[in-house]
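Since the structure comes first, as structure tokens, the remarks are kept for the end.
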Amino acid sequence: MSAYFEAINLGKTYKTPSGDAVIVDGFELTMKKGEFVCVLGHSGCGKSTVLSMVAGLNEISTGSVILDGTEIEAASPDRGVVFQSPCLLPWMTTWDNVMLGVNQVYYHASKQERNQIVEYYLTVVGLADAMKKRPGELSAGMRQRVGLARAFALSPKMLLLDEPFGMLDKLTKFELQQVLLDLWNRERLTAMMITHDVDEAIYLADRVVMMTNGPAARVGEIVEIDFERPRDRRELMLDPRYIEYRKQLISFLEERVYLLDSPSNKTLAA
């Protein structure tokens, strides 16, 4: 597999009054260009810490991250990030929130070209009639559509998604998963998505990377999701392989819960 993205011995340690707190230790992952990977694990296992280091928003303690042959040193528009809450500027319209990033990345383009980019991405995420609305006038799902439009409009080398649908109701989550897949199928960005939702991971990913529980979390197991694209949710759920993937992922997570609750682990934690 040709490596487009590499996380090499990635680690994060925080200094505390009682000593070093090792959150992530020896996280290793290689991705090819255009691959969609979901990172799955229990809450607090270090998933978001890994993503924030890849995004350049959190200092790397050990190891390195390489994207398209260049080592990552800081945040950059070459990584489009979508958070659980899209962090829109409340005094700006939907249009202006997306245009902020477009102006930064496409500063050589004409105003007309930049307008076309913003209009295109807001339209494909379903916000053609809400371009002049401010975030306070939008539902949570609509605000997340703005976040997706903003990230894709930058034409980044890599898309990073930190549980973007975690706070949405089930129906809205399904709708936005489809919006994300439709956009991704058009552009095939290299994508890393953090999730704790097994079904979401199977539906979206080419591979699911399962993390061990912290402290000192790392990659525990990687599962290849061998479904053709584009994917149909109903057809997927009727496929016998879907049940097997689901069993495999849930088994891993349940084993992690057992380890957390085991007397030996509690003794160590104490």
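Please treat every number below as a calculation from the coordinates, not as lab data. Treat the numbers as computed from the prediction; the structure is a model and nothing was measured. Using ideal geometry, Cβ is built from the backbone for each residue, glycine included, and neighbour counts are taken over all protein chains shown.
Between beta-carbons, use under 15 Å as the cut-off and find the net charge around residue 142, counting Lys and Arg +1, Asp and Glu -1. Write down the numbers at each step before the final one.
Numbers: positive: 132, 133, 134, 143, 145, 150, 173; negative: 129, 137, 169, 175.
Summing Lys and Arg as +1 and Asp and Glu as -1 gives +3.
What's the local net charge at residue 194, with K and R +1, D and E -1, over the other residues with C-beta under 11 Å away?
Working: positive: 47; negative: 162, 163, 197, 200.
Residues near residue 194 contribute -3 overall.
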> Against the longest principal axis of the chain, how steep is helix 170-187, in degrees 0 to 90 to the nearest 10, with axes from Cα atoms?
Replying inline: 70
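Just add up the charged neighbours of residue 7: K/R +1, D/E -1, any other residue whose Cβ is under 11 Å from the Cβ of residue 7. Each step should come with its number before you reach the end.
Details: positive: 218; negative: 6, 28.
Its environment carries a net charge of -1.
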> In percent, what relative contact order does the range 196-246 have, based on Cα pairs under 8 Å that are 6 or more apart in sequence?
Replying inline: 34
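Please order 133, 15 by the number of other Cβ within 10 Å, starting at the fewest. Write out the running numbers ahead of the final one.
Numbers: 133 15, 15 8.
Taking fewest neighbouring Cβ atoms as first place, the list is 15, 133.
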>> Using a 7 Å offset from Cα along Cα-Cβ at residue 133, what residues in the range 71-110 end up with backbone N under 20 Å from the label point?
In response: 83-100
>> Please list, ordered by chain and number, the residues whose modelled amide H lies under 5 Å from the amide H of residue 39; skip anything fewer than 5 residues away on the same chain.
In response: 193, 194, 195, 209
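If you rank 16, 94, 30, 212 by fewest surrounding Cβ atoms within 10 Å, what's the result? Please list the in-between numbers first.
Values: 16 8, 94 25, 30 15, 212 21.
If I rank by nearby Cβ atoms, fewest first, I get 16, 30, 212, 94.
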> What's the FRET efficiency of residue 18 with residue 70 using the Cβ-Cβ distance as r and R₀ = 30 Å, to the nearest 0.05?
Replying inline: 0.20
> FRET efficiency for residue 197 and residue 28, Cβ-Cβ distance as r, R0 = 30 Å, nearest 0.05?
Replying inline: 0.80
>> Antiparallel versus total DSSP beta bridges in the chain: what percent is that, nearest 5?
In response: 50
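Specify whether the C-alpha gyration tensor of the chain places it in the rounded, prolate or oblate class, a ≥ b ≥ c being the square roots of the eigenvalues: rounded for a/c under 1.5, otherwise prolate if a/b is larger than b/c and oblate if not.
Values: a/c = 1.77, a/b = 1.42, b/c = 1.25.
Prolate is the answer for the chain, as a/c is 1.5 or above and a/b outweighs b/c.
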> With each label point set 7 Å from Cα along the Cα-Cβ vector, what nm distance links residue 221 and residue 246?
Replying inline: 1.7
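Taking the mean number of other Cβ atoms within 10 Å as a proxy for protection, how do you rank 49-60, 145-156 from highest to lowest?
On the way: 49-60: 20.1, 145-156: 24.2.
Descending mean neighbour count gives 145-156, 49-60.
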> Considering the alpha-carbon set of the range 12-87 alone, what are its Rg and its Dmax in angstrom?
Replying inline: 13.4, 43
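Which of 42, 108 has the fewest other C-beta atoms within 10 Å, and how do the rest follow up to the most? The partial results should precede the final answer.
Values: 42 18, 108 7.
Ranked by crowding around the Cβ, least crowded first: 108, 42.
Apply 1/(1 + (r/R0)^6) to the Cβ-Cβ distance of residue 175 and residue 62, taking R0 = 45 Å, and write down the FRET efficiency to the nearest 0.05. Before the final figure, lay out the partial values.
Working: r = 40 Å, r/R0 = 0.89.
Result of the calculation: an efficiency of 0.65.
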> With a ≥ b ≥ c the root eigenvalues of the C-alpha gyration tensor of the range 66-123, is it rounded (a/c under 1.5), prolate (a/b larger than b/c) or oblate?
Replying inline: oblate
>> Starting from 0.36 nm per residue, how many nanometres of slack lie between residue 236 and residue 110 once their C-alpha separation is accounted for?
In response: 41.0 nm
>> Only sites in a loop by DSSP and with at most 10 other Cβ atoms within 10 Å count here; which GluC sites (Glu not before Pro) in the range 188-234 make the cut?
In response: 228
> Modelled label-to-label distance, residue 182 and residue 167, 7 Å Cα→beta-carbon offset: nm?
Replying inline: 2.4
> What lysines could a cross-link reach from residue 173, if we take a straight Cα to Cα line under 28 Å and drop same-chain neighbours fewer than 8 places away?
Replying inline: 32, 33, 47, 132, 133, 157, 247
>> Please compute the modelled spin-label separation between residue 255 and residue 103, points set 7 Å along Cα→Cβ, answer in nm with one decimal.
In response: 5.2
> Tilt of helix 94-105 relative to the longest C-alpha principal axis of the chain, in degrees (0 to 90, nearest 10)?
Replying inline: 80
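What shape does the range 74-169 have by the C-alpha gyration tensor, where a ≥ b ≥ c are the square roots of the eigenvalues, rounded means a/c under 1.5, and otherwise prolate means a/b greater than b/c and oblate the rest? Please report the intermediate quantities before stating the final value.
Values: a/c = 1.85, a/b = 1.17, b/c = 1.58.
Verdict is oblate for the range 74-169.
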